[in-house]
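K.L.:
Here it is, the structure in full.
The values are calculated or read from the model by the stated rules, or taken from the named source; none is laboratory data. Quick caveat, the model's predicted, so the values are computed rather than measured. Cβ placement follows ideal geometry from the backbone for every residue including glycine, while neighbour counts extend to all protein chains displayed.
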Amino acid sequence: MDQLLKNDKEDLELAERYGVSVISYQDSRYPKKLLSLRNFPPLLYVKGELLPEDEVAIGVIGTRNATLYGKEMAERVGGELAERGICVVSGLARGIDTAAHRGALRKGRTIAVIGSGLANIYPKENQGLADEVAAHGAVISEFPMATPPLRQNFPRRNRLISGLAMGLCLVESPLKGGGMITMEMGQKQGKKLFAFPGRVDWPTFEGNHRLIKEEKAKLVTNGREIAAYFSLDQNIFRPSFTVVLTEEEKKFLALIPPEETTIEELALLTQLPAMKLNVLLTRMVLKKTMKEFPGKIYKKALI
């Protein structure tokens, strides 16, 4: 019991250090759609902010080993959905997920659901993307902060991607893989399924073609067709980005003078270790609350 309490305390301290909110299923911020899952997570770790309008969401999913065509389609559909006020939900993985998040970030909101703890972003090269998603949406996990990206975590992650969405769009997937597992979960959850076609001789599209052939998924060629299915096809709502600051970030901003300041001056003002200061500044620049100039010079942005 003592060890469990110690682990819980360390987990909460780590969450606070990373600016992560830990919300229970009784919290008003907890996504209502997840409560309909038989095995919904009692706790969610959230970096960023979940908004009520995120209930209007589509999961955009597919293979990590995507073709250039698949990645182009994922980025396009992410943008087309986001500019119509539809939140794009994906898994922050390489390939299709990464492209879908990037497309959505240019036009609106996106949520990344990950299969590890928020102190252990996977893959590592997507740390910057995760920071950007958190600044203009949310990165969420049901796993404690330091949890590694274990194989068995990803099916659990996939059920949340499906659970958060009104429907799922499979951009590119072979017959076996996480995308097909998520589509199967979506079917069981009663979600509307969509799939992009590819070349008939491309193995990476065999999953898509099977779902279309068996009439389990509706064939689509762009995000507008998905939006139209839900009568959300008019590009009339472009949500303004909501900048969410942690307490640490608010205190940091309060210390910063209005004029341009060098990183050395910021270190003296804040008394923060160099690594922590650099991490904090990167987050603030991504959130557009600080501007960075050549020579590691910073200025507080007007917000």
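K.L.:
Within the range 285-295, take every residue that is at pLDDT 80 or above and surrounded by 20 or more Cβ atoms within 10 Å (Cβ to Cβ) and give me the one that is farthest from the chain's Cα centre (by Cα).
P.N.:
Going residue by residue through the range 285-295, those that are at pLDDT 80 or above are 289-291.
Right, trim to surrounded by 20 or more Cβ atoms within 10 Å (Cβ to Cβ) and you get 289-290.
On the way: Thr289: 21, Met290: 23 Å.
Per the stated criteria, the residue is Met290.
K.L.:
So if I check each of Leu68, Leu12, Leu44, Leu35, which one is touching a residue at least 40 places away in the same chain (Cβ under 8 Å) and either in the same structural domain as Lys107 (by TED's automatic domain parsing) or surrounded by fewer than 20 Cβ atoms within 10 Å (Cβ to Cβ) (or both)? Give the derivation first.
P.N.:
On the way: Leu68 fails: touching a residue at least 40 places away in the same chain (Cβ under 8 Å); Leu12 fails: touching a residue at least 40 places away in the same chain (Cβ under 8 Å); Leu35 fails: touching a residue at least 40 places away in the same chain (Cβ under 8 Å).
On inspection, the qualifying residue turns out to be Leu44.
Residues checked against (1) over 16 Å from the mean Cα position of the chain (by Cα); (2) in a strand (DSSP E or B); (3) not hydrophobic (A, V, I, L, M, F, W, C):
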residue	(1), (2), (3)
Leu12	yes, no, no
Ala15	yes, no, no
Ser28	yes, no, yes
Leu35	yes, no, no
Pro41	yes, no, yes
Lys47	no, yes, yes
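K.L.:
Moving on. Scan the strands (runs of 3 or more DSSP E) fully inside the range 75-172 and keep the ones with 3 or more residues being closer than 30 Å to Glu206 by Cα, in contact with a Leu (Cβ under 9 Å, 6 or more places away or on another chain) and of a type in the set (A, V, I, L, M, F, W, C). Step through it out loud before you land on a result.
P.N.:
On the way: elements: 87-90, 110-113, 137-141, 167-172.
Once the strands (runs of 3 or more DSSP E) in the range 75-172 are filtered for at least 3 residues that are closer than 30 Å to Glu206 by Cα, in contact with a Leu (Cβ under 9 Å, 6 or more places away or on another chain) and of a type in the set (A, V, I, L, M, F, W, C), what remains is 87-90, 110-113, 167-172.
K.L.:
May I pose another question? Out of the residues in the range 262-284 that are of a type in the set (D, E, K, R) and at pLDDT below 80, state the one that is nearest to the chain's Cα centre (by Cα).
P.N.:
Of the range 262-284, the ones of a type in the set (D, E, K, R) are 264-265, 276, 283.
With the extra rule that they be at pLDDT below 80, the set shrinks to 276, 283.
Details: Lys276: 23, Arg283: 16 Å.
Filtering the range 262-284 for residues that are of a type in the set (D, E, K, R) and at pLDDT below 80, the one nearest to the chain's Cα centre (by Cα) comes out as Arg283.
K.L.:
Which of the residues that make up the range 254-284 are within 20 Å of Gly137 (Cα to Cα), surrounded by 16 or more Cβ atoms within 10 Å (Cβ to Cβ) and either touching an Asp or Glu at 6+ places or on another chain (Cβ under 6 Å) or not aliphatic (A, V, I, L, M) (or both)?
P.N.:
First pass over the range 254-284, keeping only residues within 20 Å of Gly137 (Cα to Cα): 279-284.
Right, trim to surrounded by 16 or more Cβ atoms within 10 Å (Cβ to Cβ) and you get 280-281, 283-284.
Arg283 - this is the single residue of the range 254-284 that is within 20 Å of Gly137 (Cα to Cα), surrounded by 16 or more Cβ atoms within 10 Å (Cβ to Cβ) and either touching an Asp or Glu at 6+ places or on another chain (Cβ under 6 Å) or not aliphatic (A, V, I, L, M) (or both).
K.L.:
Check whether at least one residue in the range 218-241 is of a type outside the set (Asp, Glu), in a strand (DSSP E or B) and exposed (fewer than 14 other Cβ atoms within 10 Å of the Cβ), and report yes or no. Full working, then the answer.
P.N.:
Quick first cut of the range 218-241, residues of a type outside the set (Asp, Glu) only: 218-224, 226-232, 234-241.
From what's left, in a strand (DSSP E or B): 218-219.
Narrowing further to those that are exposed (fewer than 14 other Cβ atoms within 10 Å of the Cβ): none.
Taking every residue of the range 218-241 in turn, none turns out to be of a type outside the set (Asp, Glu), in a strand (DSSP E or B) and exposed (fewer than 14 other Cβ atoms within 10 Å of the Cβ).
K.L.:
Considering only the range 188-217, how many residues are within 23 Å of Leu81 (Cα to Cα), part of a helix (DSSP H, G or I) and modelled with pLDDT under 95?
P.N.:
Of the residues in the range 188-217, 0 are within 23 Å of Leu81 (Cα to Cα), part of a helix (DSSP H, G or I) and modelled with pLDDT under 95.
K.L.:
From Gly59, Gly48, grab the single residue that is touching a helix residue (DSSP H, G or I) at 6+ places or on another chain (Cβ under 7 Å) and on the phi > 0 side of the Ramachandran plot. If you could, list the steps in order and put the result at the bottom.
P.N.:
Values: Gly59 fails: on the phi > 0 side of the Ramachandran plot.
That would be Gly48, the only listed residue that is touching a helix residue (DSSP H, G or I) at 6+ places or on another chain (Cβ under 7 Å) and on the phi > 0 side of the Ramachandran plot.
K.L.:
What is the one condition in (1) more than 19 Å from Ala66 (Cα to Cα); (2) over 13 Å from the mean Cα position of the chain (by Cα) that Phe154 does not satisfy?
P.N.:
(1)
K.L.:
Now for a separate question. Taking the stated definitions as given, is Gly19 in the same structural domain as Asn208 (by TED's automatic domain parsing), over 19 Å from Met185 (Cα atoms) and crowded, with 17+ Cβ neighbours inside 10 Å? Give the steps one after another, and end with the answer.
P.N.:
On the way: in the same structural domain as Asn208 (by TED's automatic domain parsing): yes; over 19 Å from Met185 (Cα atoms): yes; crowded, with 17+ Cβ neighbours inside 10 Å: yes.
So Gly19 passes the test.
K.L.:
Mind listing just one residue for me: the one in the range 157-185 that is small (Gly, Ala, Ser) and at pLDDT 95 or above and, of those, farthest from Arg76 (Cα to Cα)?
P.N.:
From the range 157-185, those small (Gly, Ala, Ser) are 162-163, 165, 167, 173, 177-179; that's our starting set.
Going one step further and asking which of them are at pLDDT 95 or above, we end up with 162-163, 165, 167, 173, 179.
Numbers: Ser162: 20, Gly163: 23, Ala165: 18, Gly167: 17, Ser173: 17, Gly179: 18 Å.
Going through the qualifying residues, I end up with Gly163.
K.L.:
Collect the residues in the range 177-211 that are within 20 Å of Phe230 (Cβ to Cβ), touching a residue at least 12 places away in the same chain (Cβ under 8 Å) and surrounded by fewer than 17 Cβ atoms within 10 Å (Cβ to Cβ), keeping them in residue-number order.
P.N.:
Correct list: Gln187, Gln189.
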